[in-house]
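For reference, the structure discussed in these notes is given below.
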Amino acid sequence: MTAPGANLKINGERLWDSLMEMAKIGPGIAGGNNRQTLTDADGEGRHLFQDWCTAAGCTMGVDKMGNMFARREGTDPDALPVYVGSHLDTQPTGGKYDGVLGVLGGLEILRTMNDLGIKTKHPIVVTNWTNEEGTRYAPAMLASGVFAGMHELDWAYDRKDAEGKKFGDELKRIGWLGDEDVGARKMHAFFELHIEQGPILEAEGVDIGVVTHGQGLWWLEVTLTGKDAHTGSTPMNMRVNAGLGMARITEAVHEIAMGHQPNAVGAVGQANVYPNSRNVIPGKAVFTIDIRSPEVTKLTSMRDMIEHAAAQIARDLGLGIKIEPVGHFDPVTFDEGCVTAVRNAAERLGYSHRNIVSGAGHDACWINRIAPTSMVMCPCVDGLSHNEAEEISPEWAAKGADVLFHAVVETARIVTE
Ligand code: HGY
Ligand code: MN
Ligand code: MN
């Protein structure tokens, strides 16, 4: 395959301007973004992305999960396209780059190809996957999961947010329910550019993460049932305190993850006590445990130990307990050919690089099950993400997009005549 010349680079300034433009939609309260999936802000961001893709000469397809596919034709219309993309939805206190860099980095590739008159044999399709974050609707990577055949469409449509609004209803409400069957599209390969969301690349002064693997994950939703009672007049030995149970299980999750070091993490991020009144002992607690490891044995061992510890804590406190898995994927090994394309691109461009395991989950983790897939990572300041203070430099963004550009265009086979 003809590789692009080392001097071929994307337009970093244009990419940065597009990132800043998109960041104006669904602003947070501290400089980041709150553009949660299927909100009006998500709809607005989709329209901006669609307008940019149309201006770049793409045709846009949308499927029944709202996944967006902006296609640039190749010289062989029958060749399977090379897909490149990520997600535009954000956490409630999200940053400007998580996911967005991968979608707009993909668009920047097409814009650069237009500028340079580059043609490829395979079409190239830039993708925005719906609900990658899993914050409003669990699980994370919901729409890429349906696309990869991991979830049924109707099950996804029935997912409810904290206000009881269904995914399918909200997708229709914002006007992004497409007509394509989910997963009907076949891919030659898929590439995703993403910020690292961890401290390694910045700490080592390395520009590019060549992502070889991704951590596996369990999300376990726990419901504890106790008894509402007065916080003042109820003797301590008569209390059935669901809030206390949640606190002890949260501590147990941390201790069990610490007991599986290295390469294991665990926390409780989402937690609600009911009735959540200052002078009522919580009769109910609902919270989600997030545990991850690149090693299946550690992931399984942590889950087993947590479920045993939680059952014992519930018994000790006289609580009812229900544990429901609401998200899971095994550790991921990305495609060797695609990983090599990323590594060769970094080499050709003269960018420092190192192999890295993704700590976060990504749509690429599901797509890797149905097409050759790999990821490119760039550093982020202090490794911080899922925080409005998330920051990267324009240079990091540009270098990551350069590597993505080379890997995608090489895989799509440049046509020189
Ligand atoms: O949870 C994750 O790793 C991703 O941010 N959805
Ligand atoms: Mn992301
Ligand atoms: Mn995220």
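Here, each number is a calculation from the coordinates, and none is a lab measurement. Keep in mind that this is a model prediction, so the values were computed, not measured. Here the Cβ is made from the backbone with ideal geometry for all residues, glycine too, and neighbour counts use every protein chain on show.
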Exercise. Under 17 Å Cα-Cα from K9, which aspartates and glutamates qualify once same-chain neighbours fewer than 8 residues away are excluded?
Worked result: D17, E108, D115, D207, E347, E395, D402, E410
Exercise. Which percent of the Cα-Cα distances in the range 54-112 go past 16 Å?
Worked result: 52
For this session: Determine, for V376, V240, the number of other Cβ atoms within 10 Å of each Cβ, and report the residues in order from fewest to most.
Result: V240, V376
Problem set entry | Fluctuation leader among P331, P394, P139 - the chain, Gaussian network, Cα springs under 10 angstrom | P394
Seminar exercise, completed: Env charge @ G216, Cβ radius under 14 Å, K,R +1 / D,E -1, value +1
Exercise. Between their Cα atoms, which of K64/K119; K227/K284; K24/K172 are more than 19 Å away from each other?
Worked result: K64/K119; K24/K172
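When Lys and Arg each count +1 and Asp and Glu each count -1, what net charge do the other residues less than 12 Å away from I323, Cβ to Cβ, add up to? Walk me through the numbers before you get to the answer.
Working: positive: R303, K322; negative: E221, D304, E307, E324.
Computed value for this residue: -2.
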Exercise. Long-range amide H contacts for D228: which residues qualify at under 5 Å (H placed 1.01 Å from N, peptide plane, sequence gap of 5 or more or a different chain)?
Worked result: G283
Exercise. Which of D51, D89, D335 moves the most in a Gaussian network model of the chain with Cα springs under 10 Å?
Worked result: D51
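Please pull out the direction-averaged projected area of the range 163-315, using the convex hull of its alpha-carbon atoms, in nm² to one decimal place.
Averaged projected hull area, Cα only: 14.5 nm².
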Problem set entry | Degrees separating the helix 100-116 axis from the principal Cα axis of the chain, which is the longest one | 0
Seminar exercise, completed: Whole-number value, in Å³ per residue, for the convex hull of the alpha carbons of the range 1-87 is 138
Problem set entry | Net lengthening on full extension, E163/A267 (0.36 nm per residue, minus Cα-Cα) | 35.0 nm
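What fraction of the Cα pairs in the range 352-417, stated in percent, has a spacing above 15 angstrom?
On the way: 1411 of 2145 pairs.
Of all Cα-Cα pairs in the range 352-417, 66 percent lie more than 15 Å apart.
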Exercise. How do Y137, Y97 line up, fewest other C-beta atoms within 10 Å first?
Worked result: Y137, Y97
Exercise. For the range 304-417, what are the per-bin percents of Cα-Cα distances with bins 10 Å wide, up to the bin holding the maximum?
Worked result: 11, 30, 26, 16, 11, 5, 1, 0
Problem set entry | Relative pair counts by distance (%), Cα atoms of the chain, 20 Å bins | 27, 54, 17, 2, 0
Seminar exercise, completed: Here P(r) for the range 81-185, Cα-Cα distances in 5 Å bins, as whole percents, is 2, 11, 18, 22, 19, 13, 8, 4, 2, 1
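Loop only by DSSP, 15 or fewer other Cβ within 10 Å of the Cβ. Give me the GluC sites (Glu not before Pro) in the range 132-220 that pass, ordered by residue number.
Those satisfying the criteria are E152, E163.
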Problem set entry | Residues W396, W218, W129, sorted so that the one with the fewest Cβ neighbours within 10 Å comes first | W218, W396, W129
Exercise. Among residues other than S233 whose Cβ falls under 15 Å from its Cβ, what is the net charge (Lys/Arg +1, Asp/Glu -1)?
Worked result: +2
Exercise. Where both residues lie in the chain, what percent of DSSP beta bridges are antiparallel, nearest 5?
Worked result: 70
Seminar exercise, completed: Summing -39500 (n - 2.57) over every DSSP H run of at least 4 in the chain, dividing by its residue total and rounding to the nearest 500, the 222 nm mean residue ellipticity is -10500 deg cm²/dmol
